[in-house]
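The values are calculated or read from the model by the stated rules, or taken from the named source; none is laboratory data. These numbers come from a predicted model, not from an experiment. Because the Cβ atoms are built from the backbone with ideal geometry, glycine has one as well, and the counts that use them run over all protein chains shown. Just so you know, the surface numbers come from the protein's heavy atoms only, side chains and all, with ligands and any DNA or RNA stripped out. Shrake-Rupley method; radii C 1.70, N 1.55, O 1.52, S 1.80 Å.
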Amino acid sequence: MPETKRYYNQKEIIDIISQDTGCSIRDITNVLNSLCSVVKDKFSDEDRFVEMKLFPGLKITSRYVPAEQSNSNLSAYLKSSDMLLLSAEFSRRFKDSVRSLHKEFSICDSGNHCLNNSNV
C-alpha cells in the first residue's frame, strides 16, 4: 500500500499556531501574510544572492544565475537572461529534534491499537 502523505494547508497551520500561542487567528494570518510578502520582496530585490533564516533551523536561499550557468533543460526556452534558484535547508540540530519528537509518538497497529514507545 502506498504511503499516505499528510498535507497541512495554511488555515490548519494558522489554527495550530492560534491554539499553541493564544493569539487570534486574524493576527496570525496577518503575520504569515506579512512574512510571505517580506520573503518575496527580499528575494526579488536587486541582490542576486539572498539567504534568510525564517526560524532556528530553517534557512531559505534565492540566487539568480545567468541562464547559461544553470543546470536546467529549460534555459534554452526562457526569454530571461537569469534563472531563479530557490532552496531550503534544515540544520542537523533541527532534523535531530524532529526525529526525536517523531519517536515519542505512539505506534499504532492497523486496528488503531496504540502503544507508547516506552512500552515497546
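Per-structure values
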{"read-out": "Selected residue (criterion: nearest to ILE13 (Cα to Cα)) from residues of segment 40-57 that are acidic (Asp, Glu), open to solvent by 70 Å² or more (accessible area, probe 1.4 Å) and not in a helix (DSSP H, G or I)", "value": "GLU51"}
{"read-out": "Extreme residue, surrounded by the most Cβ atoms within 10 Å (Cβ to Cβ), among residues of segment 14-39 that are hydrophobic (A, V, I, L, M, F, W, C), within 19 Å of the chain's Cα centre (by Cα) and over 21 Å from MET52 (Cα atoms)", "value": "ILE14"}
{"read-out": "Any pair with Cβ under 7 angstrom, 6 or more apart, that starts in segment 26-38 at a residue that is among the hydrophobic types (A, V, I, L, M, F, W, C) and ends at one that is assigned to a helix (DSSP H, G or I)", "value": "ILE28/ILE14; ILE28/ILE17; ILE28/SER18; LEU32/GLN10; LEU32/ILE14"}
